[in-house]
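Here the structure is laid out as structure tokens; the discussion comes afterwards.
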Amino acid sequence: MESKSERAPASLKTKTLMSALKTKYADKSWNETMQLVRRCMDKTRGDKRVSEPITKCLEKINEALNASSLTGMVSRLEMIAKQRGLGSHLSPTETVCYLTADLFYIEVLLLPGGRVEDVRAAHRGEAPVSSPSLLQLLRMKKFQEFSVKLDDLVSFYNIQGDRDVKAKVYSALRHLETDLFKISHLPRSLRESDLHVDLIMNGRIGNVQPARDGTPTTVEYYISPLDVLMGLSDTGDVGSGRMALVMVGNSDGSHRLQIESLISSPPQVDSLGFPVFQPLTDSCSELLPATFLLKLQPPLPMLSSFIENMGTITDGVMSEKPLQVEPLPQLLIKQRSHISWTDGIQCVVPLPASEYHSYVFPGAEWGRESWKGALIHTVPFCHPGHVPALLNVLRHQSAINVLLESCLSDHSHHMVEVTAEDSHQMSCRLLMPDFVDHKLDDYISRVLMRCMSIPITMRAIRKKVSSQTSRPVPDPELSTAMEITSCEPASVSHEAVQEPRTASSSPGYYLMSVSSPVADNANTDAVANPSPCASLAVYPHWVTSGLPAELL
């Protein structure tokens, strides 16, 4: 016959059990309770359905205690290791907690009361090195940030294969880093007076910093000239520019990666000053299921033609055709706001002295296939000789993006697109009725190259022309255009604007400005109603049929 206890609802049984457990452990210490929970977790490790609630229970206990004891700190570290797929164990003296993976491990040196004396990171085959950033996070008990840092380390070694394969890939990465530093130290001529800026913008490997403190080797390859002018550039290790992390990544196929340095010591150089590499033979390389990666921070919107160029540079390691493309300005807008792309966009950019510029990007022209691109997160490659050429492409694209972004703001209505320039030198030409001044063209070019900002350059034009003409400038009845043409450093050209071009010719902009004087009481209301302000339309360089008649 069934007893009353057997007939009791399951909820009542659970309530009775929890009450009994509460009574049993009321006088127990938190340490004993956590040890019990960990034993339960170990027994149920193979059953996710049972182990997950126990794991969450331990997390809540850890958060409540805030690692205020040695046992609490160890428990918290063990929990983080489990969340990130790492192993963990204590030293025999229980003063060091190890967080372990196939290719690296972390040592946390503990003191009584749960305090942290030091945190050391060690890669396979290398001695442990103190990590100030990890130490600070644990001392401040920022466990979530510490966990994220560990996740970055885990992803750094996220390579398919057994431990031996992973070790070979890691060794290849270390030899690559050695060669990148050799290339970076080769003599070269300076282009900028600021040595730090010159290293970033013109160095063969940019501003390269070695792997340390649990982070991979970092390359800073571009910085906005406007940031430099405003003092936002950094004179230390890594500044405010665009960066790339040198990493490794999985590959569907095998690629031949170096297993030793490919540059002799001292390096031999070719006629262009680049190093001579020894061939990738069986003795100095090995087929591995991985590639090297430049992980871009932040990800970079790139034109399809530039992506194809990088595919050529890497001998097809990088796919030359992105799966999905969008107009380049649309990609730039997405990184700044949630403005939708339709038939174009109009942006109002405020400047000092209550001056406003209105920039119109016509969608019909910028929607052409040649001006579409994709957001690039990583650039795969297999040889150190690929890196200087890849960085030049990334700098070129960054210059385009910075120039276009200078015309974008959150006060937008419609949208459009872009063009390409050389990142080292551009030629500008002012196109105004009954006004020609080649010295002014040179002045405009210098201003633009110095600030890489179209609004600032247009403002400089307005002031300069005002001082050189008797007629009030800008004249609301007249149109002004500025042509920006990219060119190689040794070949600055001034092509006639009347000559139609094709999409394959030298890229540039037509900037049509119809301007009117700004009212003395102009204020932020002009954002909602852009008039009066300088109005600018940005077109691809080959579009001449839509230009105002007085410019043709």
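A few points about this structure:
- Residue in the range 166-176 that is farthest from residue 289 (Cα to Cα), counting only those that are of a type in the set (A, V, I, L, M) and modelled with pLDDT of 90 or more: 176
- In summary, residue 205 fulfils each of the numbered conditions (1) modelled with pLDDT under 90; (2) among the aliphatic types (A, V, I, L, M); (3) open to solvent by less than 20 Å² (accessible area, probe 1.4 Å) with the single exception of condition (1).
- Scanning the range 182-217 for residues that are within 29 Å of residue 123 (Cα to Cα), assigned to a helix (DSSP H, G or I) and either among the small types (Gly, Ala, Ser) or over 21 Å from the mean Cα position of the chain (by Cα) (or both) yields 182, 183, 184.
- Residue check for residue 305: touching a Pro at 6+ places or on another chain (Cβ under 9 Å), open to solvent by 10 Å² or more (accessible area, probe 1.4 Å) and small (Gly, Ala, Ser): no
- Residue within the range 140-158 that is at pLDDT below 80, open to solvent by less than 70 Å² (accessible area, probe 1.4 Å), in contact with a Lys or Arg (Cβ under 7 Å, 6 or more places away or on another chain) and farther than 22 Å from residue 215 by Cα present: no
- Checked against the criterion of being acidic (Asp, Glu) and open to solvent by less than 60 Å² (accessible area, probe 1.4 Å), the candidates 270, 227, 252 yield just one match: 227.
- Check on residue 369, acidic (Asp, Glu) and in contact with a Cys (Cβ under 8 Å, 6 or more places away or on another chain): no
- Scan of the range 159-169 for residues that are buried (at least 21 other Cβ atoms within 10 Å of the Cβ) and closer than 17 Å to residue 122 by Cα, ordered by number: 166, 169
Results for (1) in contact (Cβ under 8 Å) with a residue 40 or more places away in the chain; (2) of a type in the set (A, V, I, L, M); (3) in a loop (DSSP other than H, G, I, E, B), shown as yes or no for each residue.
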residue	(1), (2), (3)
260	yes, no, yes
292	yes, no, no
297	yes, no, no
310	yes, yes, no
316	no, no, yes
345	yes, yes, no
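- The residues listed here are 431, 448; of these, the one that is in contact with a helix residue (DSSP H, G or I) (Cβ under 8 Å, 6 or more places away or on another chain), at pLDDT 65 or above, more than 23 Å from residue 227 (Cα to Cα) and open to solvent by less than 30 Å² (accessible area, probe 1.4 Å) is 431.
The values are calculated or read from the model by the stated rules, or taken from the named source; none is laboratory data. Keep in mind that this is a model prediction, so the values were computed, not measured. Heads up, the Cβs are rebuilt from the backbone with ideal geometry, glycines too, and the neighbour counts pull from every protein chain shown. For accessibility, only protein heavy atoms count, side chains too; no ligands or nucleic acids. Shrake-Rupley method; radii C 1.70, N 1.55, O 1.52, S 1.80 Å.
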